[in-house]
Amino acid sequence: MASPVDIVVVGGGAAGWSAALAATEAGARVALYEKLGESGGSSALSGGCLAFAGTDLQRAQGVTDSPDLLYRDLVEVGQGVNDPALVRTYCDAQLETCDWLRQAGVRFSPVIETASGQSVPRVHTVDPADMVRTLKAAAERTGLIAYHPNEAVAALETDPTGRVCGARLEGGASVAASRGVILASGGFAKNHDLLMHYAPQYAEAVFVAGAGSHGDGLRMGLEQGADVRDMDYVKGTFGKHPTDETNDHSLQAVYKGAIAVNQDGQRFVNESISYKLLGDAVMAQPWHTAYQIMDQGIFDTGDDRVRILDFGRRLEEGLFYVADTLEELATQIEIDPDVLVATVERYNGYVDAGHDPEFGRSNLVHKHGALRRIETGPFYAYPSTAVVFGTYCGLRIDTSAQVLRADGSGIDGLYAAGEVTGGFHGAAYMTGSALGKAVVFGRIAGAEAAGA
Ligand SMILES: Cc1cc2nc3c(=O)[nH]c(=O)nc-3n(C[C@H](O)[C@H](O)[C@H](O)COP(=O)(O)OP(=O)(O)OC[C@H]3O[C@@H](n4cnc5c(N)ncnc54)[C@H](O)[C@@H]3O)c2cc1C
């Protein structure tokens, strides 16, 4: 039997360390178990984008935003499937959480302009691995945390009333937690069986996530009778070069004005929508692949400070097809040249007319940015499929991060935060909302479990 604590946290990603920090700040004694040798999970691998609205950083860049606009965007991107109470909770807590992160020592870079699902620029970027380390260091400064790397939690333990009162470790030892357990064990993007059960349409996608993303917390919650949310909406992110398994080589040139065409040379989607919905669309195309097509003018708007817009770097890496004419480009990517030229000409006509009768594209990304013609060579093609970075669905929670059963009752002593939870995103995902959800609900879970 390990030393008893007030709270056990399962998993050391952004959600786990946010929960641990909030709980220790409230005076609780916490044990955080991380099944890998190093904590960080998908959080540390991520793009470091967090969706916050109404910050001083936005104001400094002339961006007018508000929690209410964030709420409307999140519900719209989630297609109204998301739990409005969770979305409202996020919107109400995010500004305070942003300040709380800064107080802990997290540093933000200027707000990024181009992001999926946002009416105005609101991506606040951090060095993600550094953010996790900073949260961990802040929790350790309280003197109330015991950190256990290389120790996986295997199951939850309950008292005779059914209250979750501790955890059993993979080695067999038990640890008692008088105030409960917080599941912060991430998603299941590294669990092939679960993926094929919930998202068989992504069988041919690329999967990139933290090595511990096996869905352990989902399983443990289900064992306690938890309900789940959003399981039908596992989605990949469009823009991944199909040739490798790293977390790099994704481009969203469509958000700078490129079009997406399939192997038949046809557009198939409004390219300005959420890259998760674009992920669904590309998986339905022949060979599960498309090409992002642009001209030199669009290429020149790339941004080497933003990985998904760093066209120059991808060109140097030899990942683009390039040709002086559209016909030559089509030949290189084995599309009928007449078809590709006709597709581009038709699209340019829509840009001129300000109306895209085929797919309704009216902006570069979501609702901002004017469309650009594709007309000045050289022309570029970037092969693109979908990559599943995370699963964004899972245990149903309430606004205090307590895990719920199907009848809406709470499971005593059981909390969850981050990617192991469902209900917040709904049908799709806004850039920055998963890492944002991890810190916002991690903080809430820690404070609630501690009774703050
Ligand atoms: C490449 C990539 C880029 C991304 N970019 C962004 C982005 O820019 N913005 C955004 O909003 N989202 C992004 N995401 C998604 C986002 O990073 C995740 O949804 C979020 O970080 C999840 O945080 P988490 O703390 O819930 O889980 P994780 O960070 O995955 O942490 C979970 C931890 O729990 C551990 N664990 C699992 N099971 C157990 C167990 N049984 N016992 C003990 N420990 C366990 C894992 O090893 C892991 O360390 C990205 C994801 C990836 C992979």
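Counting the residues of segment 12-43 that are open to solvent by 10 Å² or more (accessible area, probe 1.4 Å), within 17 Å of ARG179 (Cα to Cα) and not in a helix (DSSP H, G or I) gives 3.
Condition first: away from the ligand (no atom under 13 Å from the Cβ), more than 26 Å from ALA199 (Cα to Cα) and not hydrophobic (A, V, I, L, M, F, W, C). Can you find one or more residues in segment 386-401 that meet it? Yes, the conditions are met somewhere in segment 386-401.
Screening the candidates GLU327, GLU334 for the property of being open to solvent by 10 Å² or more (accessible area, probe 1.4 Å), part of a helix (DSSP H, G or I) and within 24 Å of GLY377 (Cβ to Cβ) yields one hit, GLU327. Within segment 93-123, being within 22 Å of GLY78 (Cβ to Cβ) and modelled with pLDDT of 95 or more holds for ALA93, GLN94, LEU95, THR97, CYS98.
Summed over segment 57-100, the residues that are surrounded by fewer than 16 Cβ atoms within 10 Å (Cβ to Cβ) and acidic (Asp, Glu) give a count of 4. Would segment 364-380 turn up any residue that is within 12 Å of the ligand (Cβ to nearest atom), at pLDDT below 95 and under 25 Å from CYS49 (Cα atoms)? No - not one qualifying residue is present in segment 364-380. Among the residues of segment 386-423, those that are closer than 15 Å to LEU183 by Cβ and outside any strand (DSSP E or B) comprise THR391, CYS393, ASP398, SER400, ALA401, ALA417, GLY418, GLU419, VAL420, GLY423. Consider GLN103 carefully, then state whether it is surrounded by fewer than 18 Cβ atoms within 10 Å (Cβ to Cβ), assigned to a helix (DSSP H, G or I) and not assigned by TED's automatic domain parsing to the domain that holds ARG59. No; evaluated as a whole, the condition is false for this residue.
Evaluate the following for ASP227: is it at pLDDT 95 or above and buried (at least 23 other Cβ atoms within 10 Å of the Cβ)? Taking the combined requirement at face value, the residue does not satisfy it. As a summary of the residue check, GLN118 satisfies the conditions (1) in a loop (DSSP other than H, G, I, E, B); (2) open to solvent by 20 Å² or more (accessible area, probe 1.4 Å) except for the one numbered (2).
The values are calculated or read from the model by the stated rules, or taken from the named source; none is laboratory data. If you're wondering where the values come from, they're calculated on a predicted model, not measured in any experiment. Don't worry about glycine lacking a Cβ; one is built from the backbone with ideal geometry, like all the others, and counts go over all protein chains shown. Remember, those area values only see protein heavy atoms, side chains included, never the ligands or the DNA or RNA. Shrake-Rupley method; radii C 1.70, N 1.55, O 1.52, S 1.80 Å.
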